[in-house]
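See below for the structure under consideration.
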Amino acid sequence: MKSHVSSRWRGAILVCRKCSKKLKGGFGPDGKQPIAKALRKALDGGKGRKARMGIIEVGCLDICPKGAVTVIDTAYPDEWLIVKAGTPVEELAERLGR
Ligand code: FES
């Protein structure tokens, strides 16, 4: 039997929660915002299905970069992004936005 619910997501971005925690923020205008929060704001994203873009925090992805966060755009699952702390969110949003 098939069952589904609709969502407005145009894509889904996975963000390593552990990387983010290690940085204690690192993004946004004052460098204190976690990347998931900054991306949700920039891309009209969220966890719920009414968001335009799904921004989902996941566990460690076994890359563990120093001073950066591992991010996966699920539209390009073969190219994981290592996003350095301090990268302007607009720059990242542009790459991820669609
Ligand atoms: S802590 Fe983020 S990839 Fe391992």
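Every read-out reported here was derived from the displayed coordinates using simple, explicitly stated rules and does not represent laboratory data. This one's a predicted model, so the numbers in the text were calculated from it and none came from an experiment. Neighbour counts run over all protein chains shown; Cβ positions are idealised from the backbone, glycine included.
What 222 nm value per residue comes from the helices of the chain, counting each DSSP H run with n ≥ 4 as -39,500 (n - 2.57) and dividing by all residues, nearest 500 deg cm²/dmol?
The per-residue figure over the chain is -6500 deg cm²/dmol.
Tell me, what is a quarter of the convex hull surface for the C-alpha atoms of the chain, in nm² with one decimal?
Result: a mean projected hull area of 6.7 nm².
Quote to one decimal, in nm, the extra length available between D62 and S3 on full extension: 0.36 nm per residue of separation minus the C-alpha distance between them.
Extra length from D62 to S3 when fully extended: 17.9 nm.
Can you tell me which lysines have their Cα less than 30 Å from the Cα of K66? Leave out same-chain residues fewer than eight positions away.
K66 reaches K18, K21, K22, K24, K32, K37, K41, K47, K84.
Taking Cβ-Cβ under 4.7 Å as the only way to count a partner, pick out the unpartnered cysteines of the chain.
So far as the 4.7 Å Cβ criterion goes, C60, C64 stand without a partner in the chain.
Among T70, G26, S7, whose Cα sits farthest toward the positive end of the charge dipole of the chain (+1 at Cβ of Lys/Arg, -1 at Cβ of Asp/Glu, about the Cα centre)?
S7
With each pseudo-label sitting 7 Å past Cα toward Cβ, what's the K47-D78 distance in nm, one decimal?
Label-label distance for K47 and D78, simple model: 3.3 nm.
Charges only on Cβ, +1 for Lys and Arg, -1 for Asp and Glu: so what's the dipole of the chain about the Cα centre, in debye to the nearest 20?
520
Using a Gaussian network model of the chain whose springs link C-alpha atoms within less than 10 Å, name the residue from V83, V71, V15 with the highest mean-square fluctuation.
Looking only at V83, V71, V15, the biggest GNM fluctuation is shown by V83.
So which trypsin sites (Lys or Arg not before Pro) in the range 1-37 end up in coil per DSSP with only 13 or fewer other C-beta atoms within 10 Å?
K2, R8, K24, K32
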